[in-house]
Structures are given as C-alpha cells and as structure tokens.
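As structure tokens, the structure follows; a few thoughts come after it.
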Amino acid sequence: MIEKVIVKGKAKGKILKSQIPINFLGAVDKKTGIVRDDKHDLFQKSIKNTILVFPYGVGSSVGAYTIYSLKSNNSAPYAMICKKADLTVASGCALANIPLVIVTQKEYDAIKTGQEISLDTNSKTL
Amino acid sequence: MELTKEEESALKGEKGEVLELAYRILVATGEAINADRLVPIHWAHLSGVNYNTIGDAGEEFLSKLSKGAKVQVKTTVNPMGFDIDKVSDYKLDDDFIKKQQSISESYKKMDVVPSFSCIPYEIFDLPQKNTQVSFAESNAAIYANSIARLKTNKESAFSALASALTGKSPYSDLRQEESDSPNLTIQMKVKNSNELTYGLLGYFAGKVAGSSVRISGADNLDKRSCKALCGGMGTSGQCGKFVLDDNDNQSEKIDFDDKEMQNILDELNTTDSGDLVVLGSPQLGLEEISDLAVMLKGRSFKKRCMIFCPRAIQQQASDLGHTNTLKQAGCEMLFDCCTCLTPLIDKDDVDGVITNSIKGAYYLKNSNNVKVNLKPLSQIIDDETK
C-alpha cells in the first residue's frame, strides 16, 4: 500500500533497493546514474530505469538538480519509493516528473530487489 | 496541504509557466514535510550555482527559466565554480567557464544578489528573530535555525528557488514558533574538542537525528566549531536544527564518544598526508580570516594552501592587512567559490588534501575522488608551516 503520494504518476520496472539513505549530489553520477560512493550499498550499481527504493534522501540541497539532471540525461529511475519523505528528493522528482511515493514500513520491508512491479499513484497501489 | 484560491490558480498554470512550476515544487515539498499551508518568507538563499554541481541540465534549465522569471524577495546565492580573477591560473576548459558564466548571468537576470557565498549568515545583516526565510545550502539552513534564530526548512535547491519566485514556503515543524523540543539528545563525550571534533559530531548527528536534535556538553562554541558542526550535520543527514542545551531529561539519549568519532574518521580520513592544504568549507568569513592571520603571523606554509572566502569580505580583509599576511604565509585566497565540488582541485594533480572540514572531506572524497587527511587547524599550522 502506498501511504502517501508526493509526485503523481505511473511506472513499471524492476526494483533496486537500498537500505542506506542517498546523498544524490555526492553519491550518484548525474550522467550515468551509477552510484559512486564506495560506502553505499548500491556502489557501482546503476539506478537508471529502475524503481529505486531507498529510505530517504540526505545531504546537499543541490541533490535536487542531480535528480533533474538524471532525467535530462535519460539516466533516471522510472519512479522512487521511500520510507520517509524529504525535501531534496521531493522537489527534484516534482521538477523532473518522476513519480515518488512513501510506503509503510511493512511494505518497505516486503519489497525486494529484482521484483517487477507496477506503480500507479491514482489507485494508490503497487 | 491547503492552498488559497490564488495559489490553486497558479498551480493550474493560470498565472504562467514559471509560477505553475514553482507551485508544483512547493506542493510536493509541502507534502513531503507535512506542511498544512504556505507562509510568506522574506529572504531566499539558493544553492545550485556551481556548474560542477548542476551540469548542462541545470545550466539549460536556469537559462530558460531566467527568460521569464524574477525573484519576489531578497535572494542570495551559493558559491560558483571559480574566482574569475584567478581563472587563468587553473586549467579550466573554455566550456566550463562559458557554462559557469551563463549560470551566473541567469541568476542575475532573475534579480538575484550575486553573493556567491555559502555563509550568507555572516555577510548580510540578519533579520530579526523568528523571521521566516528559505535557505538551501544545508550548513546555512542549520546555522539560521540553530544560531541566528531564523526559521527555515532545510530547503533543497528547487524548494528555495520556488520560494524565491513566489515569496512563499511550506509551513513545516521547523518553521513553528515552538519547535524547540527535539526527541533526541546527543551527549558530547569527546574531550579536548576542536572544530574537527565538532564537524565529526555534526556528521554523526546528521546520521542519527530526525528534523532536529539536542546536543548536550557542547557549550561556548567559537565560530569555527559552530560552522563545522553545521557543515558536518548538513552533509550526512536531514536534520535542520540543533539546540545546545544541557537541561533535558525527557528525550532519548545517545553518546558521541571517542569510538563513534573514530568510526567517522575511518570513513572520511583516507590518507595520512597530503600535498595541498584546503581551508573554507563552509567559506571562511572575516572573523576566521582575522584569526588565521594571527595564527600565521611570521609563518609560512611548506605546501600549497587554498583558502575559500566570500567576495564580500575581500576589501575589509585587505584593509585590515590580513590579505597581505596570508599571502606572505603562502596562502592563495579565492573568492566566490568553495571546496565543495570545486573544479580547481584535480585528482591528477594532488596526492592528498589536508583539511579541517568534514563537509569538504566528504565531497573531495566522493566527487573529486581525492584522498583526504583530516586534522584540526591548529595541527595543520603546526605540521605544515615553518
């Protein structure tokens, strides 16, 4: 169940899930979508064309531009699912038109990397 | 979130594309931080100026936006990628210079004050207590809420931009009059603290705290330690405010001790030596420059030393003789730019950077891919000058 819709939309794709918050500015390459923070559990993975699941965004306020750049460079996730909302990810997704939802802890725990899912914010379903 | 009729109409696009975009951002951020309405703000401070941070997509976005947009309140901006007076000393390519100038022009076209500083709280007069502002730049937002007694969300580049274009921002917990009861207290247990330990404490606090945190055992912070705390906290987390206070028995408590400190040092300190000293993340204001000039009197660095500051202090630093003292000590002062994602430090040219900044260390390590040696300023001066 979707607990809260931050940015509306529909998406379909494979889940890429992280347990660690993301600092988009420092940790994600804005051209390729590859995570370059070697202390992050998605290190060297690409978030491009995934349904990106992570706890929440942290760090630099310019991370919002990173999200917008990822979209402009066709390297963005199809959608993002978080446990907690934050300003940087919310505003970046709003400008880039990337659907963003918050799910309950139970739902968050149930989602696994590699799962194929459809997300529709109108019906609030995954 | 409840919108007024006028706000609703702007969101629908009835007042043009710029406002439609701005309200779309404000509504999403308002939902994200559980705000029930928008409130007027009196000062916006924007991040997203350095071409290295926002790239081609950002440059094009701002160029297009600036054709039809004007800010509605006093708006200041973060550092850009270089100091125009020093560009020829660095091997920046023409494309970088061109794109950076385009970004800076776009902001000016929108009537932004070209301050290019990440410490607006030090170079502008502060409005009265509890004034609502919108500060992106995480260290500035935390400083505004915690030290300057202003009210801001820990804004993103876009939420602050949307605030500048509308004069409004979502009314979150951090903006309320009585938001002084964090549910977590961090007990500072590290002895002999200095700005490096406070930067580490901030980085730790950012990781464990929610939107605000209480810190006990950390009284009488000087400017340097205070800014280090704000910078470290802004780098690692979502936390937008700290309260320095020893009188609390209610909230959950966590210790920040030598072991926790070492864990973070192990993460960010990646070498034991370096060939370049970098100071100024956040930028150094006049107070810290004066301090540094006293510490460096009659000494000189054995290595290159870059110091990042706001242009606003250039004249005063020079009039007071500090610029000269620092120059004689072998320092290079750079204005309008800062350590974070600087194009002026290339991993192919340096073996390691020596700095006292946790924020600087994080971005030097992850974005510039250079090794970092962290030590407090007093030790940097002991070790690296003669």
> List the pairs whose first member sits in region B:359-375 and is facing chain A (nearest Cβ under 8 Å), whose second member is of a type in the set (Asp, Glu) and surrounded by fewer than 21 Cβ atoms within 10 Å (Cβ to Cβ), and whose Cβ atoms are under 8 Å apart, counting only residues at least 6 apart or on separate chains?
Replying inline: B:366/A:37
>> Quick check on this structure: which one of B:48, B:58 is within 14 Å of another protein chain (Cβ to nearest Cβ), under 25 Å from the mean Cα position of the chain (by Cα) and part of a loop (DSSP other than H, G, I, E, B)?
In response: B:48
> Can you tell me which of A:123, A:118 is away from chain B (no Cβ under 14 Å), touching a residue at least 12 places away in the same chain (Cβ under 8 Å) and not basic (Lys, Arg)?
Replying inline: A:118
>> If I filter region B:173-186 for residues that are in contact with a Leu (Cβ under 7 Å, 6 or more places away or on another chain), acidic (Asp, Glu) and farther than 12 Å from residue B:242 by Cα, do I get at least one hit?
In response: no
>> Given the criterion closer than 29 Å to residue B:47 by Cα and polar (S, T, N, Q), identify the matching residue among B:283, B:328, B:379.
In response: B:283
>> I'd like to check something: does region A:4-23 contain any residue that is of a type outside the set (A, V, I, L, M), closer than 16 Å to residue A:64 by Cα and either in contact (Cβ under 8 Å) with a residue 12 or more places away in the chain or touching an Asp or Glu at 6+ places or on another chain (Cβ under 9 Å) (or both)?
In response: yes
> If a residue has to be buried (at least 24 other Cβ atoms within 10 Å of the Cβ) and in contact with a strand residue (DSSP E or B) (Cβ under 8 Å, 6 or more places away or on another chain) to count, how many in region B:117-149 make the cut?
Replying inline: 12
> Given the conditions (1) modelled with pLDDT of 95 or more; (2) among the small types (Gly, Ala, Ser); (3) more than 23 Å from the chain's Cα centre (by Cα); (4) in a helix (DSSP H, G or I), which single one is not true for residue B:69?
Replying inline: (4)
>> For region A:8-15, check the following and say yes or no: at least one residue is within 14 Å of another protein chain (Cβ to nearest Cβ), surrounded by 15 or more Cβ atoms within 10 Å (Cβ to Cβ) and either part of a strand (DSSP E or B) or not polar (S, T, N, Q) (or both).
In response: yes
> Residue check: is residue A:32 more than 10 Å from the chain's Cα centre (by Cα), more than 7 Å from chain B (Cβ to nearest Cβ), among the hydroxyl-bearing types (Ser, Thr, Tyr) and outside any loop (DSSP other than H, G, I, E, B)?
Replying inline: no
> What strands (runs of 3 or more DSSP E), lying completely within region B:246-325, carry at least 2 residues that are not assigned by TED's automatic domain parsing to the domain that holds residue B:217?
Replying inline: B:276-279, B:304-309
>> Here is a list: A:75, A:60. Which entry is within 18 Å of residue B:139 (Cβ to Cβ) and not in a helix (DSSP H, G or I)?
In response: A:60
> Residues in region A:69-91 that are at the interface with another protein chain (Cβ under 7 Å from one of its Cβ atoms), under 20 Å from residue B:363 (Cα atoms) and at pLDDT 95 or above: how many?
Replying inline: 1
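The values are calculated or read from the model by the stated rules, or taken from the named source; none is laboratory data. Just so we're clear, the structure is a prediction, and the values are computed from it rather than from any experiment. As a convention, Cβ positions derive from the backbone with ideal geometry for all residues, glycine included, and neighbour counts pool all protein chains shown.
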